[in-house]
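**Student:** Take this structure, written in structure tokens, and hold onto it; I'll ask about it next.
The values are calculated or read from the model by the stated rules, or taken from the named source; none is laboratory data. It should be emphasised that the depicted structure is a prediction, and the values quoted were computed from it without experimental measurement. All Cβ positions, glycine included, derive from the backbone under ideal geometry; neighbour counts span all protein chains shown. Areas reflect the complete protein model, heavy atoms only, side chains present, ligands, DNA and RNA absent. Shrake-Rupley method; radii C 1.70, N 1.55, O 1.52, S 1.80 Å.
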Amino acid sequence: MSNLKKITALLLLLCTTGVSYAYSEAWRQINFSYISINDGLSQSTVFSIAQDKLGNMWFATYNGLNKYDGYDFTVYQHDEKNENSIGGDIIRSLKTDSQGRVWIGTYEGLSLYNADMDSFYNFSYKKNGKKMPVNEIAEINEELLLIYTDKELMLFDVVQQMFIATRLNPKLFTIVPNSVNQQGDNIYIGSDEGLFSYSISQNSLTEVVPEIFKNKQIISVLQESSTQLWVGTEGHGLYLVNPQNGEVKCYS
């Protein structure tokens, strides 16, 4: 089973954690629909999913960005002759921000969807002359995005439309990330050095049970409540953590 399928199965499982056994019969009756390339999806490898304010579903695939209105697909792909086409065909991440804007992370950089023109604004961050991919996008506020590129965290200034080095807690930018997951005020950053939680409102960085997550590749984090934090790792199992008292349970 691929990592993507494992994560999808995990998320479906976690969504049912709060359901009591009284509803077990209803759970058995839930049906799932299946969307494939036969229905218009441009490619079957889906890295990220988001929904915009109009209800459209967006799918990041290995070969194009897909918008699905419930009936039909619109596929966006890069066109060398059109500077307003999406920045690249390998789509890594999607983020709908608090203003309703749809941000897209591609292998070539960051793109912003222009709904009025059905086109894109494209921004690139270069390192040693090479355009860096945008693997994850988190929203700090309506003017700042936290970008996870290859082994590096950066900020994108929405107003100035440019990548900037730092305007937050400097300790945040000493982390070499493997994954970035945002839930509300908290941004969870997984690295080989451990799992970190960054509070946007407090501009503070804390390490989550440091004795547990060092030298483990963290691929996904889901905060179910203030006392339940699910952490998915590569090859080390699934962890349930209580951040308030440090209790940890591992499922392997």
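**Student:** In region 86-133, which residues are farther than 13 Å from L65 by Cβ, open to solvent by 40 Å² or more (accessible area, probe 1.4 Å), outside any strand (DSSP E or B) and not charged (D, E, K, R)?
**Tutor:** S98, Q99, A115, M117, S124, Y125, N128, G129 - these are the residues of region 86-133 that are farther than 13 Å from L65 by Cβ, open to solvent by 40 Å² or more (accessible area, probe 1.4 Å), outside any strand (DSSP E or B) and not charged (D, E, K, R).
**Student:** Inside region 64-85, can you point out the residues that are buried (at least 16 other Cβ atoms within 10 Å of the Cβ) and either without any contact (Cβ under 8 Å) to a residue 24 or more places away in the chain or at positive phi (or both)?
**Tutor:** Matches in region 64-85: G64, K67.
**Student:** Of all residues being among the polar types (S, T, N, Q), farther than 19 Å from L153 by Cα and within 17 Å of the chain's Cα centre (by Cα) in region 189-233, which is most open to solvent (accessible area, probe 1.4 Å)? Just the residue, please.
**Tutor:** In this case the residue turns out to be Q223.
**Student:** Confirm whether D150 is surrounded by fewer than 21 Cβ atoms within 10 Å (Cβ to Cβ), out of contact with any Ser or Thr (no Cβ under 9 Å at 6 or more places or on another chain) and within 17 Å of P177 (Cα to Cα).
**Tutor:** Considered against the rule, which asks whether it is surrounded by fewer than 21 Cβ atoms within 10 Å (Cβ to Cβ), out of contact with any Ser or Thr (no Cβ under 9 Å at 6 or more places or on another chain) and within 17 Å of P177 (Cα to Cα), D150 comes out as yes.
**Student:** Another question, then. Report, ordered by the first and then the second residue, all pairs with beta carbons closer than 8 Å, sequence separation of six or more or different chains, a first member in region 154-181 that is in a helix (DSSP H, G or I), and a second member that is crowded, with 20+ Cβ neighbours inside 10 Å and among the aliphatic types (A, V, I, L, M).
**Tutor:** Hits for this filter: L172/L153; L172/I189; F173/L153.
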